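First comes the structure, then the notes that go with it.
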Amino acid sequence: MDDEIDLIRNYVETTLRASGSHGFDHILRVTRLCEAIGRVEGADMRVLIPAALFHDIARPLEEERGFSHEEEGARIAEDYLRSVRYDTDRIPLIAHAIRTHRYRSTATPETLEAKILSDADKLDALGAVGIARTFLRAGEHGGGIQDAVDHIGDKLLKLKGLMYTDGARQIAEERHELLTRFVENLDEEMHVGGRCR
């Protein structure tokens, strides 16, 4: 399996030209989270890890052409996995996980692996990394601090309650607490300017 995963990882890294808030480093962090949660939850890693590696491969296409990256990413994954003769029975499960991973998706993850991928993707938007990605994202869209703060309030502070798996809930609890403290400190600094002693 390691050789197949290396092949997939190399393909995704080569194909995904973009860096930034949804770059290859994000894919690797989500994959590591999937590995950790998947071991605890008893997931099929031959479904989960390819899904994690492919989950945002179509992000640049969404930004360039308006494609739904989860749908296009599932199609890309299916085509690629068929071309390398990956396990035929697992390909639809991988595609399902990719199609249902997105926070804004109306499709619901139905399999354990799809739930774990959805959780891992959300977890990467929480905590210290989530804060960094939020400000990176705001800059990518020409926004500033207030745009990032709005995104935190509109989305990130809601993520803790949307986890499917116990393993993800535990991680989300810690990351949510850090995020909450950050928002409180940022609000104080922006509106008060800090304390003088």
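Considering only ARG99, ARG39, ARG169, the mean-square fluctuation computed in a Gaussian network model of the chain, springs between alpha carbons under 10 angstrom, is largest for ARG39. Highest mobility in the GNM of the chain, judged by mean-square fluctuation with C-alpha springs under 10 Å and restricted to ARG29, ARG82, ARG133, is found for ARG82. Distance between the 7 Å Cα→Cβ label points at MET45 and GLU173: 2.6 nm.
Taking a Cβ cut-off of under 12 Å around ARG75, the surrounding Lys, Arg, Asp and Glu residues balance to a net charge of -3, with basic ones at +1 and acidic ones at -1.
As a length-normalised measure over Cα pairs under 8 Å and 6 or more apart, the relative contact order of the stretch 108-197 settles at 34 percent.
Any idea how far apart ASP87 and LEU7 come out in nm if each label point goes 7 Å out from Cα toward Cβ? Placing both labels 7 Å beyond Cα along the Cβ direction yields 1.5 nm.
Figure legend: label point modelled 7 angstrom from the Cα of ASP187 along Cα→Cβ; residues of the stretch 92-126 with amide N under 19 Å from it are 126. Charges were assigned to the Cβ only: +1 to each Lys and Arg, -1 to each Asp and Glu. The resulting dipole of the stretch 25-80 about its Cα centre is roughly 280 debye. Between THR180 and GLN146, the C-beta separation translates, for a Förster distance of 22 Å, into a calculated FRET efficiency of about 0.75. For the stretch 1-136, what class follows from the C-alpha gyration tensor (a ≥ b ≥ c being the square roots of its eigenvalues): rounded when a/c is under 1.5, otherwise prolate if a/b is larger than b/c, else oblate? Cα axes put the stretch 1-136 in the rounded bin.
Counting pairs of alpha carbon atoms under 8 Å apart in space and at least six apart in sequence, what relative contact order in percent does the chain give? Here the relative contact order equals 18 percent. Result for the chain in a Gaussian network model with C-alpha springs under 10 Å: among SER83, SER105, SER68, the largest mean-square fluctuation is at SER83.
Quick note: the coordinates plus some simple rules give every number you see, no bench work behind them. This is a predicted model, so every value here is computed, not measured. Cβ coordinates were reconstructed from backbone atoms using ideal geometry, including for glycine residues, and neighbour counts include every protein chain displayed.
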